[in-house]
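What follows is one structure encoded as structure tokens, with my remarks underneath.
Bear in mind that the values in this text are calculations on the coordinates, not laboratory data. Note that this is a predicted model, so its numbers are computed, not measured. FYI the Cβ positions are ideal-geometry reconstructions off the backbone, even for glycines, and counts take in every protein chain you see.
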Amino acid sequence: MTGTESASDLKSGQIVKALAGYYYVNTGAVIYMCRARGIFKKDGITPLVGDYVRIAVTDAADEEGVVEDIEPRRNAFIRPPVANVDIFLVTVAAASPEPNLETTDKFLVSAEAARADAVICVNKDDLSPAAARRIAAIYRGVYPAILLSAATGEGVAELAALIRGKSVAFAGASGVGKTSLLSRLTGIADLAVGDISRKTERGKHTTRHVEIFRAEDGTRIYDTPGFTAFEAAGKADIPDGERADQLFPEFRGYLGGCRFDNCRHDLEPGCAVRDAVDAGKIRPSRYRSYLSLIAAVKKARETWSR
Ligand SMILES: Nc1nc2c(ncn2[C@@H]2O[C@H](COP(=O)(O)OP(=O)(O)OP(=O)(O)O)[C@@H](O)[C@H]2O)c(=O)[nH]1
Ligand SMILES: [Mg+2]
Ligand SMILES: [Zn+2]
């Protein structure tokens, strides 16, 4: 802020869309198209969709402004680039595209690290009910897992009840049906993303920017581009001070039972986590995801410290 400007000249709002260098800030009455103040770039700060901000209006008639400051965030993510998310709707398709559980688990790890909740949305139940049930069974007991079909509307009411009033963001590979589910949840038929009905086996990255939509009950739903649009779906890293084993909620009850305090739950003897896998208490695919996460983190850290 400069000169005679006072805080009362600023308007508060939320960034609801980021596109081509502009931030669209919803102040309740108006959506202002804003640039970010230069200082953000200098400080290495990028405003994110979901940020609560204050803006200076530069042109009231044309509804343009400048983002002046950003309120403290509840959480922030790079992939997808969003802030202030209560619940991630981690979406996989039962088929078409083929489900990738390791990518799903990587994403769940970053949600855990950011203390965001997660709901597993198993979409396209109409295409392959057996596969949908298999996937849901892997996650049930750890995360809520809902069988859905954006095609038939199955599960949509159940999901709506679970997220009512929250800020929720879709996350998942291209083509799994994130935008289609969002359309079902909000009743918005004509989403800006266009040709979602023409897709076939793999996603075509129809959604290319993050945008928040509001359901009639006030729930805020972020649409996001499919994972691979962000290159690798989550690089192999976990935040400083976090232990990989703590980020798999179903491991937590076993962590004190290992023979060695510093057990990595890999090849160590007397490992309670591995025993739980063998006893069918922890799902093998989740344990495999854990092992590949710690291997990747180790490799990344060795590279950095060279
Ligand atoms: N059979 C069936 N098709 C679906 C379902 N949900 C979505 N689709 C179709 O799957 C394709 C992809 O759907 P989108 O909603 O664009 O997927 P997306 O996850 O938003 O994809 P990106 O925006 O590329 O990340 C479209 O052709 C949809 O009509 C479903 O439950 N069943
Ligand atoms: Mg989409
Ligand atoms: Zn162990």
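Calculated FRET efficiency, Asp126 to Arg288, Cβ-Cβ distance, R0 = 30 Å: about 0.55 to the nearest 0.05. Per residue of the chain, the DSSP helices (runs of n ≥ 4 H) give a summed -39500 (n - 2.57) that works out to -7500 deg cm²/dmol at 222 nm. As an equivalent ellipsoid, the stretch 92-134 spans semi-axes of 23, 10, 7 angstrom, where each value is the square root of five times an eigenvalue of the C-alpha gyration tensor, largest first. For the chain, the Cys residues with no second cysteine's beta carbon closer than 4.7 Å are Cys34, Cys121, Cys271.
Between Gly28, Gly65, Gly218, the Gaussian network model of the chain with springs among Cα atoms under 10 angstrom shows the greatest mean-square fluctuation at Gly28.
Between Ile188 and Ala61, the contour length at 0.36 nm per residue exceeds the alpha carbon distance by 42.9 nm.
Each label point was placed 7 Å from the Cα along the Cα-to-Cβ direction; for Arg133 and Ala161 their separation is 2.1 nm. On a per residue basis, the convex hull of the C-alpha atoms belonging to the stretch 76-230 measures out at 97 Å³. In summary, the aspartates and glutamates within cross-link reach of Lys281, defined as a Cα separation below 16 angstrom excluding same-chain residues under 8 places away, comprise Asp245, Glu250. Note on the chain: with a GNM built from Cα contacts shorter than 10 Å, the maximum mean-square fluctuation among Gly13, Gly226, Gly141 falls on Gly141. Short-range pairs are left out: with C-alpha atoms under 8 Å and at least six residues apart, the relative contact order of the stretch 8-70 is 35 percent. In the stretch 244-305 the Cα-Cα distances spread across 10 Å bins starting at 0 as 23, 54, 20, 3 percent of all pairs. Ordered by the number of other Cβ atoms lying within 10 Å of each residue's own Cβ, fewest first, Lys281, Lys17, Lys178, Lys42 fall into the sequence Lys42, Lys281, Lys17, Lys178. In whole percents, the pair-distance distribution calculated for the stretch 8-70 from its alpha-carbon pairs, binned every 10 Å from zero, is 26, 61, 13, 0.
Within the shell of other residues whose beta carbon sits under 14 angstrom from the beta carbon of Ile138, the net charge comes to +4, with Lys and Arg scored +1 and Asp and Glu -1. Electrostatic bookkeeping for Thr152 treats Lys and Arg as +1 and Asp and Glu as -1; over the other residues with beta carbon under 11 Å from its beta carbon, the sum is -1.
Each Cα pair under 8 Å and six or more residues apart adds its separation to the average, and for the chain the resulting relative contact order is 14 percent. For the set Lys106/Lys298; Lys41/Lys166; Lys17/Lys204, the pairs lying more than 19 angstrom apart at their alpha carbons are Lys41/Lys166; Lys17/Lys204.
Each eigenvalue of the Cα gyration tensor of the chain, multiplied by 5 and square-rooted, gives one semi-axis; in descending order these are 36, 26, 16 Å. Assuming charge only on the beta carbon of Lys and Arg (+1) and of Asp and Glu (-1), the dipole of the stretch 244-305 about its Cα centre is about 200 debye to the nearest 20. Under a GNM of the chain (C-alpha, springs under 10 Å), which listed residue has the highest mean-square fluctuation: Lys124, Lys11, Lys41? Evaluated over the chain, the most mobile residue of the options is Lys41.
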